[in-house]
Structure formats: structure tokens, C-alpha cells
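As C-alpha cells, the structure follows; a few thoughts come after it.
The values are calculated or read from the model by the stated rules, or taken from the named source; none is laboratory data. Everything numeric here is computed off the predicted structure, so don't read it as measured data. So basically every Cβ, Gly included, is an ideal-geometry build from the backbone, and we count neighbours across all protein chains shown. Side chains included, ligands, DNA and RNA excluded: accessible areas come from the protein's heavy atoms. Shrake-Rupley method; radii C 1.70, N 1.55, O 1.52, S 1.80 Å.
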Amino acid sequence: MGESVQTDIDPRTLIGRKALDRDGAKIGTVDEVYLDDATGEPEWAAVRTGLFSRDVFVPLEPSEIVDDTLRVPYERALIKDAPDFGVGRHLSPEQELQLYHHYGLDVSG
């Protein structure tokens, strides 16, 4: 039973949490949280990975908080291959679109 990330969680509480893939394998640690421009809701997390030595973007919906970790419902290989935009700057609509397509998410939100 996880709590939904999208609804009422403070994005600042995600930073520093461990992130796990759908099989429970560690991806890394949440480095930053990106908010949706239109709604202000947390939409993406940048996860600092040890084994990929970069930040990867993962969608916060449909991810969940489970036992104090961010559980991302995708396999590690897919996460590792996510587009790399670097962190610390705004995600453009085009970059978000690439991420939606990469994870097979519905763009309409």
C-alpha cells in the first residue's frame, strides 16, 4: 500500500529518498523534483544514480512512496535509457514530451 506522490506530498520531502525500480532494485537517490508548469504539482524527479553516474528523470505519477522510498514502476534498463537533459534547469515542453513518450505515458495528463 503506497501513498500517491501526485496528490498532497510536499516535493521537498522526496529529495534524498532512495528510488527503486519496479523489481525493488536501487536506482539512486532523488536529487531534485520538477513541478508541472500549469498545475504546480510535482511531476518529475531527477534521480542521482551511482551506476549510471548521471541524473535520470522518472515520472512521479504513477510512482509511489513505499516504506520511505520512491518506487518507480518501470524496469531499471528503461529508466537508465531515459533522455538526459541535465539537472538544475527547467524542462521545456519538448523535453517533457520526450520523457512522456519514453515512459509510454499519456501526454494529455
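Can you tell me how many residues within segment 42-60 are over 14 Å from Gly16 (Cα atoms) and either among the aromatic types (Phe, Trp, Tyr) or buried (at least 17 other Cβ atoms within 10 Å of the Cβ) (or both)?
Qualifying residue count for the region: 9.
Being open to solvent by 90 Å² or more (accessible area, probe 1.4 Å) and touching a Pro at 6+ places or on another chain (Cβ under 9 Å) is the filter; apply it to segment 13-41 and report the residue that is nearest to Gln95 (Cα to Cα).
Filtering first and then ranking leaves Asp37.
So which residues in segment 37-82 are without any contact (Cβ under 8 Å) to a residue 12 or more places away in the chain and within 17 Å of Tyr103 (Cα to Cα)?
Once the filter is applied, which keeps residues that are without any contact (Cβ under 8 Å) to a residue 12 or more places away in the chain and within 17 Å of Tyr103 (Cα to Cα), segment 37-82 yields Pro62, Ala77.
Just to be sure I understand, how many residues within segment 41-56 are within 16 Å of Val107 (Cα to Cα) and either assigned to a loop (DSSP other than H, G, I, E, B) or within 9 Å of the chain's Cα centre (by Cα) (or both)?
3
Tell me, yes or no, whether segment 89-99 has at least one residue that is surrounded by fewer than 17 Cβ atoms within 10 Å (Cβ to Cβ) and either assigned to a strand (DSSP E or B) or within 12 Å of the chain's Cα centre (by Cα) (or both).
no
Scan segment 61-76 for residues that are open to solvent by 30 Å² or more (accessible area, probe 1.4 Å) and farther than 11 Å from Ile27 by Cβ and jot them down.
Glu61, Pro62, Glu64, Val66, Asp67, Asp68, Pro73
Out of the residues in segment 77-88 that are in a loop (DSSP other than H, G, I, E, B) and open to solvent by 50 Å² or more (accessible area, probe 1.4 Å), which is farthest from Asp37 (Cα to Cα)?
Among residues in segment 77-88 that are in a loop (DSSP other than H, G, I, E, B) and open to solvent by 50 Å² or more (accessible area, probe 1.4 Å), the one farthest from Asp37 (Cα to Cα) is Asp81.
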